[in-house]
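Notes follow the structure.
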Amino acid sequence: MQAKLLGAVGALLATAFLAGPAAAADKTKIDFWFGNSGDIAKRVQEQCDRFNQSQADYEVVCTSQGSYDASLQNTIAAFRAGKQPTIAQVSDAGTLDVMLSGAYYPANKLMKDMGYDINWNDYFSGISGYYATSKGEMYSFPFNSSTALLYWNKDSFAKIGKDHAPATWQEAAEDFKKLKDAGYACPLAFDISNNEVWQYIEQFEAVNGEPIATKKNGFEGLDAELIYNKNPLLVSFVKDLKSWYDNKLAVIKNKAVGQTFIEAFAAGDCQVILTSVGDHGNIGRTAKEGLNWAVSMLPTYGDAKRHSSYVGGASLWVLKGHSEAEYKAAASFFNFIAKPEEALTWSTVTGYIPVRNSGFEYLKSQGFYDKAPYAGRELAIQSLTVTPLSDPGPKGVRLGGLLQIRTEIANGLQAIFINNADVQASLDTAAERGNQILRRFQQTYKNVQLP
Amino acid sequence: MEKRVTFSSTTVGLLFALPMLLLIFVFFYWPSAQAVYWAFTLEQPWGGGNAWVGFDNFRQLLSDPVYWGAISRSLVFALSSTAIAMGMALILALLTDREMRGHKIYRSVFIWPYAIAAPALGLAFRFILAPEAGLLSIINQVWPGLWNPALDGKDAMIAVIVAFSWKYIGYNFIFFLSALQGIPRSLTEAAAMDGSGPLRRIFDMQLPLLTPTLFFLLVINITESFQDSFGIVDVMTQGGPARATELMVYKIYFDGFKGLDYSGAAAQSIILMLLVILLTIFQFRFIERRVHYK
């Protein structure tokens, strides 16, 4: 009797065990590694959960690696060991390395092979242009996207009799002076640490329609050379910034000081900052009670005509070495996150902008940009699409070792601001050192053709 | 008759040593060999192949004045943090050894800092030393502009040296204290009876007896300050302002992991390794002579 009972229980357990994995085996599981952390990581996770619940065939396992850098390092290490995830997020600065690696399944080919018809023209020109090859092909999916905006304090501007943000840096200079005279200790807050120079160099050049490097900022060849130091507009702008800094119209705010420029703006201590639209939500949540603020597009310099700013953020790459079923799962996931409803949820819970026109139109039709916490974010799209895709100018920056180049620029700027080094000489040195990095990169990849 | 356990053959001995040798091989020799190989090539990060470039990586580094700057900063950092960490630890250990009130608490409390991970430590010190919002901002209220590690390279260097030393004071303290407690009571008492006061005893008796520990800690501290400093620099200053705290090990991390320049970072690691080996040889050759082991 007892033996029979035990046998029955055993059989039951056995079937349960067998059935368990069998049911899971129907689903194709794929890994997706990303670099966002904190709140954004939670939002990515939610998006994955929504995808997993929306269908029964695939399961995407999303894992945050802590930061863009860590995610890229881990993905590379995994790839070299043959254990790479199916989908990996790579930041704007890491795009060139992965593009030259040959380690990926091009996004356009993947979607075609898996039977999806993607309208690549639906992507905003400023966004697709940044990630596309020199021939305009999309090898990855733009994911979290942002661009720089100018954040300004409406109340303090009202005190100096202004109801709009400066459209040019000349106007900004006058505003800073008036703000200072009106008793504000910190009209402009800025930072020149390693990761925060992109607003002042890359975006400045973009908005004013000037190249940073030859060969369309590197899109047309690895033999590009940095030329930002030869642009009189930029040199003159850095001199202006330095004189504002010396006259206490502009103040350096960063972690080492004890308050970042974003915190300084949110606390009402500083009146103007330049930062990503991705911080829009964060500033809204952390702003001092009653802080009356708005955003506008980055100012232009002198008589320069406004051009599109560059997109920042990251795109999703599909890596080589996986099965057909896994690629089907990846394609299905991309198809899911491209839905306008997903764009709305994504833009609502993060500060990132929709990457497709259809998503943007959907958000507009839902009245997203009319409501208080989100109003103003449409300016990011406007800023990214000033120039049409047909414009011959560069659509982004495609330089090897971009993070190291940014560090050289940051060190050059720090020498100017902190050690009072000569502006032109410092920018020249930084460019020269940057060019050495570019030549090294070119030599490393001398057997590879830039797509 | 001598009673001693010996192995009949070297094979058995080697077998016992094998697990350790294997560990050392996997975690030291293998990666080092890989680094040496990469240092002579230009390695593509994603593994797409590499090109042999001979001594180019080294030539490029050694002809770069900025890299020489990093070397001299690393030396300044190593010497000053070792001096502070060992000096402070010695004083604390001598005081604790004198069994002043609460010495039992000090004995365990002083060890804690060593258990704190470098990034957490860096974060704490960044807060303490921040010129506008930190605890030290009081200084700036009294003398405006006196302390600003965010904008003054010298202050930034002082900040990372202080943070690093603080951690190693705890480590050194354990060694000093145990060495002091290993000095026979009878010796101390005999010296006291001969009329030598505490200070006299420190210089004529305790310090000479401590030289083996002093020497050991000197070697360890110098080595660690070249290698373990990167976490603190990364969190506190990221090498800035204007390269003022760009140490060799931080540059390796930045070029290798952030810049994906594996070969450049490998070449820098080799240079760092050679430098540490050289310094260690120097210490054994010239300083160890003055150590009395018995």
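Before moving on, here are some points about what is shown:
- Volume per residue for the range B:55-288 equals 148 cubic angstrom (convex hull of Cα atoms).
- Burial ranking of peptide ranges A:33-41, A:316-324 (average Cβ count within 10 Å, highest at the top): A:33-41, A:316-324
- Size of charge dipole - chain A - debye, nearest 20, with Cβ of Lys, Arg +1 and Asp, Glu -1, no other charges: 500 debye
- Ranking of A:64, B:108 by count of other Cβ atoms within 10 Å, fewest first: B:108, A:64
- For peptide A:185-193, the mean count of partner chain Cβ atoms within 10 Å of a residue's Cβ comes to 1.
- Sorted largest first, the spans of the alpha carbon positions of the range A:141-255 along the three principal axes are 50, 33, 29 Å.
- Förster radius 30 Å - calculated FRET efficiency between residue A:46 and residue A:291 (Cβ-Cβ, nearest 0.05): 0.55
- Under conditions of 37 °C and 0.692 mPa s, the range B:1-53 yields 227 µm² s⁻¹ as its translational diffusion coefficient, taking Rh as the Kirkwood radius over Cα pairs in the Stokes-Einstein equation.
- Note on B:292, A:280: ascending count of other Cβ atoms within 10 Å places them as B:292, A:280, the fewest first.
- Our compactness index for the range A:34-167, the C-alpha radius of gyration over the empirical 2.2 N^0.38 Å, is 1.35.
- Measuring between their Cα centroids, the range A:80-150 and the range A:159-236 lie 28 Å from each other.
- Counting beta carbons within 10 Å around each of B:127, B:173 and listing the fewest first gives the order B:127, B:173.
- Average beta carbon contacts from partner chains per residue of A:61-69, 10 Å cutoff: 1
- Separation in nanometres of the label points that stand 7 Å from Cα toward Cβ, at residue B:127 and residue A:119: 5.2 nm
- Taking the convex hull of the alpha carbon positions in the range B:195-289 and averaging its projected area over all directions gives 8.5 nm².
- Separation in nanometres of the label points that stand 7 Å from Cα toward Cβ, at residue B:196 and residue A:357: 9.0 nm
- Computed over every Cα-Cα pair of the range B:130-199 and binned at 5 Å starting from 0, the pair-distance distribution P(r) comes out as 3, 13, 13, 13, 9, 8, 8, 9, 8, 9, 5, 0 percent.
- Residues whose amide H falls under 5 Å from that of residue A:59, counting only those 5 or more places apart or on a different chain, are A:28, A:29, A:30, with hydrogens built in the peptide plane.
- Full-stretch length increase - residue B:62, residue B:178 - with 0.36 nm per residue and alpha-carbon distance subtracted: 37.5 nm
- Formal net charge of residues neighbouring residue B:92 (Cβ-Cβ distance under 12 Å; K, R +1; D, E -1): +1
- Gain on full stretching of the segment that runs from residue A:158 to residue A:339 - 0.36 nm per residue minus C-alpha separation: 61.0 nm
- For chain A, alpha-carbon Rg over 2.2 N^0.38 Å: 1.09
- Model label zone, residue B:273; criterion: amide N under 20 Å from point 7 Å along Cα-to-beta-carbon; scope the range B:33-61: B:33-45, B:50-61
- Its relative contact order, with pairs defined as Cα atoms under 8 Å and 6+ residues apart, puts the range B:139-294 at 26 percent.
- Peptide A:443-449 shows a mean partner chain C-beta count of 5 within 10 Å per residue C-beta.
- Over 29 Å (Cα to Cα) - which of A:230/B:258; A:180/B:258; A:242/B:154 fall in this group: A:180/B:258
- Inter-label distance, nm, simple model (7 Å from Cα along the C-beta direction), residue A:83/residue A:133: 3.2 nm
- Each peptide among B:58-66, A:123-131 gets the average number of other Cβ atoms lying within 10 Å of its residues, and from highest to lowest they stand as A:123-131, B:58-66.
- Neighbour-limited loop hits for trypsin sites (Lys or Arg not before Pro), the range A:124-184 (at most 12 other Cβ within 10 Å; DSSP other than H, G, I, E, B): A:135
Only the coordinates and a few stated rules stand behind these numbers; no lab work does. If you're wondering where the values come from, they're calculated on a predicted model, not measured in any experiment. Cβ coordinates were reconstructed from backbone atoms using ideal geometry, including for glycine residues, and neighbour counts include every protein chain displayed.
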